[in-house]
Amino acid sequence: MRCLYLVLGAVALFAQDARNTYIPNTDTHIAMPVYKTRAEWEERKVHLRKQILSAAGLLPVPPKRHLHPQIFGRIERQDYAIEKVLIESMPGYYLGGNLYTPLGKTGRLPGILTAHGHWTYGRLEPSTLGSVPARCINLARQGYVVFAYDMVGYNDTIQTPHEFGLTPAQNLWSFGPLGLQLWNSMRALDFLESRDNVDPARIAMTGESGGGTQTFLLMAVDERVKWSVPVNMISAFFHGGSPCENTPGLRVGTFNLEIAAMMAPRPMLMVAATGDWTRNTPREEYPAVQHMYELYDKAPEVEMVQIDAPHNYNAASREAMYRFFGKRILNETDPAKLTDKKVDLEKINDMLALQGRALPANALDYDGVFAQWKRIALEQVEASDEAGQREHLMYAMGVEWPAKVVSEGEGQKLILTRPGKGDRIPAVWIPGSGAPALVVDEKGAEAGRHSAAVEALLRAKRPVLLIDAFQTGSAVAPRDRSHVYFLTFNLSDDANRVQDILTALAFLNAKQPGKVDLIGLENAAVWSLFAAAVAPTDLKLNADLAGFEGRDEDFIRHFFVPGVQHAGGLKTAIRLTERYR
């Protein structure tokens with residue numbers, strides 16, 4: 001009976017670990033954090049920017065090679081022209097689009113980048129609910145140079161499908177449609193600002209639904225977007241349902257509303273609809289974003305309009321966008337000049353860059369694009385200094401060095417936790433003299449206590465801390481990992497284990513400053529290696545990798561952390577821990 005009580009007590013205690021009880025996903029209603037000062041929010045923005053780039057596989061941002069733009073198939077109408085565009089956003093990888101230019105206007109004009117949602121015809125969608133060409137033609141008539149570009153897997157951007165990036169191997173390398181699309185958005189912006197007739201200081205962006213996600217992701221990481229109108233996507237309770245809107249690590253500890261607020265203090269119009277997940281915008285999302293602008297004394301710079309319609313970018317939504325951009329970019333307030341005028345749409349085939357035309361000879365197939373992605377990642381790692389490699393690895397794992405660790409309990413049995421995080425790490429503290437040792441066993445503290453390594457430490461009367469790292473020993477508890485985008489919002493078990501080791505090291509550092517022996521037993525040797533690689537403290541590492549060679553299959557079986565290979569994998573971890581051996 002006593003054993004049963006102990007088991008039930010452990011379940012009750014360790015179920016309190018928030019990492020097991022709070023499992024957010026794409027449909028979780030999340031409250032906006034409260035930021036009281038501009039400095040606090042600016043610090044958070046720096047972190048979020050790196051988190052987004054890391055999740056997208058773009059930390060550090062890769063070198064921008066020549067776009068080799070191909071512009072052809074010009075169509076001229078009375079007051080605007082349309083051209084087909086192919087740009088080489090990455091060597092051997094091509095992004096398609098259309099360039100809309102006003103006729104009869106000279107000098108450098110404002111530019112608008114426009115991303116599309118998951119419409120059947122992509123950037124050429126002609127429907128009443130969301131005609132992409134209609135908004136581009138109207139914007140060109142009003143005086144903007146407009147570049148409409150593809151989502152991956154749509155129209156002319158066909159070297160990958162739209163839905164991929166869900167396999168463990170792809171996750172290890174942060175390879176998926178979200179990263180490719182964010183990179184394409186950066187390169188599309190490069191293309192637009194390079195045009196002789198575009199003023200690079202006056203570039204705006206808009207997009208709806210999945211294109212709204214692209215809009216606020218780009219404006220979050222690229223300050224060149226000076227004005228933005230994300231349409232029908234900034235929501236506190238729905239965060240996007242496509243692989244191009246979800247990638248591991250993207251929303252760990254954050255969500256779309258907070259990401260969209262990163263636009264502050266640059267002017268933004270939030271367009272919402274009564275018939276989709278932006279139905280609460282006037283009461284919830286807009287006031288939350290407005291508060292962030294108030295931190296800069298720029299509350300008037302964010303506006304909101306809600307259209308009585310289903311999910312859309314219809315004429316009414318477009319007119320709201322025209323008025324916003326017109327007032328702020330063109331200094332135009334005459335509503336008659338900012339309406340959604342009738343347009344004659346071209347045939348879809350006549351707008352496709354690859355209609356009757358092949359991709360360039362160096363175009364890569366899908367496997368080639370993935371291989372190129374890996375090569376660029378490893379080149380970036382090699383080009384980074386030690387601090388950059390450590391930061392890249394830390395963001396990939398989603399871990400931190402805690403500012404403070406709180407311990408609960410008496411005697412040898414403790415619970416370690418980071419204030420405000422909700423994690424609870426069972427620990428055993430055995431006092432002694434001399435340098436302390438942290439011992440981590442893949443089966444938990446009890447198994448570690450009976451190891452030869454701990455017996456030797458105790459004979460030497462050394463102080464020893466043993467922990468039940470996440471989901472080991474007495475910390476094993478139910479955790480629902482079933483959601484298809486579980487890793488977008490939640491760290492993997494192995495990443496959480498690295499965090500627990502860092503938390504335990506920080507606890508020891510505060511308790512007894514000085515060098516710590518970090519001993520990883522069995523599979524915990526890999527966890528300990530990666531923890532040591534990012535720990536900003538002095539330690540001695542004892543970790544026998546026992547055949548772990550750093551191949552994709554090794555990581556999938558023994559240390560599954562999305563992005564870890566993109567950050568340099570085993571080679572980088574060993575390089576960063578050489579001084580600890």
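The values are calculated or read from the model by the stated rules, or taken from the named source; none is laboratory data. Because the structure is a prediction, the values reported are computed rather than measured. Cβ: placed from backbone, ideal geometry, glycine included. Neighbour counts: every protein chain shown.
Please indicate, with yes or no, whether at least one residue in the range 202-212 is in the same structural domain as Leu352 (by TED's automatic domain parsing), part of a helix (DSSP H, G or I) and within 30 Å of Gly569 (Cβ to Cβ). Within the range 202-212, not a single residue is in the same structural domain as Leu352 (by TED's automatic domain parsing), part of a helix (DSSP H, G or I) and within 30 Å of Gly569 (Cβ to Cβ).
For (1) touching a Gly at 6+ places or on another chain (Cβ under 6 Å); (2) closer than 19 Å to Ile137 by Cα, each residue gets a yes or a no:
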| site | (1), (2) |
| --- | --- |
| Glu294 | no, no |
| Glu301 | no, no |
| Tyr313 | yes, yes |
| Lys337 | no, yes |
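Would the range 415-424 turn up any residue that is of a type in the set (Asp, Glu), farther than 30 Å from Lys64 by Cα and modelled with pLDDT of 95 or more? Within the range 415-424, one or more residues are of a type in the set (Asp, Glu), farther than 30 Å from Lys64 by Cα and modelled with pLDDT of 95 or more. Report the residue count in the range 541-567 for those that are surrounded by 20 or more Cβ atoms within 10 Å (Cβ to Cβ) and closer than 25 Å to Asp517 by Cβ. Qualifying residue count for the region: 5.
Given the options Val498, Val516, Val561, name the one that is under 18 Å from Arg462 (Cβ atoms), of a type outside the set (D, E, K, R) and in contact with a Ser or Thr (Cβ under 9 Å, 6 or more places away or on another chain). When all the criteria are applied, what remains is Val516.
Based on this model, can you work out whether Phe216 counts as under 27 Å from Ile30 (Cβ atoms), of a type outside the set (A, V, I, L, M) and assigned to a helix (DSSP H, G or I)? When the stated conditions are applied, Phe216 passes them. Elements of the type strands (runs of 3 or more DSSP E) sitting completely within the range 427-522 and holding at least 1 residues that are of a type in the set (D, E, K, R) and crowded, with 22+ Cβ neighbours inside 10 Å: these cover 437-441.
Can Gly411 be described as out of contact with any Asp or Glu (no Cβ under 7 Å at 6 or more places or on another chain), without any contact (Cβ under 8 Å) to a residue 24 or more places away in the chain, not in a helix (DSSP H, G or I) and not hydroxyl-bearing (Ser, Thr, Tyr)? Judged against the criteria, Gly411 is a match. For the range 383-403, a residue qualifies if it is under 21 Å from the mean Cα position of the chain (by Cα) and under 19 Å from Trp527 (Cβ atoms), and the qualifying residues are Gln389, Arg390, His392, Leu393, Met394, Tyr395, Ala396, Met397, Gly398, Val399, Glu400, Trp401. A search for C-beta distances below 7 Å between a residue of the range 214-236 that is closer than 15 Å to Leu180 by Cα and any residue that is in a loop (DSSP other than H, G, I, E, B), counting only pairs 6+ apart in sequence or on different chains, returns Leu218/Val225. Of all residues in the range 220-248, how many are buried (at least 24 other Cβ atoms within 10 Å of the Cβ) and either part of a strand (DSSP E or B) or in contact with a strand residue (DSSP E or B) (Cβ under 8 Å, 6 or more places away or on another chain) (or both)? Residues flagged as buried (at least 24 other Cβ atoms within 10 Å of the Cβ) and either part of a strand (DSSP E or B) or in contact with a strand residue (DSSP E or B) (Cβ under 8 Å, 6 or more places away or on another chain) (or both) within the range 220-248 amount to 7. Regarding the range 96-113, can at least one residue be identified that is within 27 Å of the chain's Cα centre (by Cα), among the aliphatic types (A, V, I, L, M) and closer than 12 Å to Asp150 by Cβ? Among the residues of the range 96-113, not one is within 27 Å of the chain's Cα centre (by Cα), among the aliphatic types (A, V, I, L, M) and closer than 12 Å to Asp150 by Cβ, which makes the answer no.
Every test in (1) free of Cβ contacts under 8 Å to residues at least 40 places away in the same chain; (2) under 17 Å from Ala188 (Cβ atoms) is passed by Pro62 save one, and that test is (1). Of the numbered criteria (1) under 25 Å from His566 (Cβ atoms); (2) modelled with pLDDT under 95; (3) polar (S, T, N, Q), the one Gln412 fails is (1).
Among the residues of the range 467-524, those that are farther than 19 Å from Val561 by Cβ and in contact with a Lys or Arg (Cβ under 7 Å, 6 or more places away or on another chain) comprise Gly473, Lys515, Asp517.
Condition first: outside any loop (DSSP other than H, G, I, E, B), crowded, with 24+ Cβ neighbours inside 10 Å and of a type in the set (S, T, N, Q). Can you find one or more residues in the range 187-195 that meet it? Within the range 187-195, not a single residue is outside any loop (DSSP other than H, G, I, E, B), crowded, with 24+ Cβ neighbours inside 10 Å and of a type in the set (S, T, N, Q).
Only one entry of Arg266, Arg283, Arg279, Arg251 meets the criterion of being of a type in the set (Lys, Arg) and buried (at least 19 other Cβ atoms within 10 Å of the Cβ), and that entry is Arg251. Would the range 153-169 turn up any residue that is out of contact with any Leu (no Cβ under 9 Å at 6 or more places or on another chain), surrounded by fewer than 23 Cβ atoms within 10 Å (Cβ to Cβ) and in a helix (DSSP H, G or I)? Yes, that holds for at least one residue. Across the range 414-425, which residue is surrounded by the most Cβ atoms within 10 Å (Cβ to Cβ) among those that are touching a residue at least 40 places away in the same chain (Cβ under 8 Å), in a loop (DSSP other than H, G, I, E, B) and of a type outside the set (Asp, Glu)? Per the stated criteria, the residue is Arg424.
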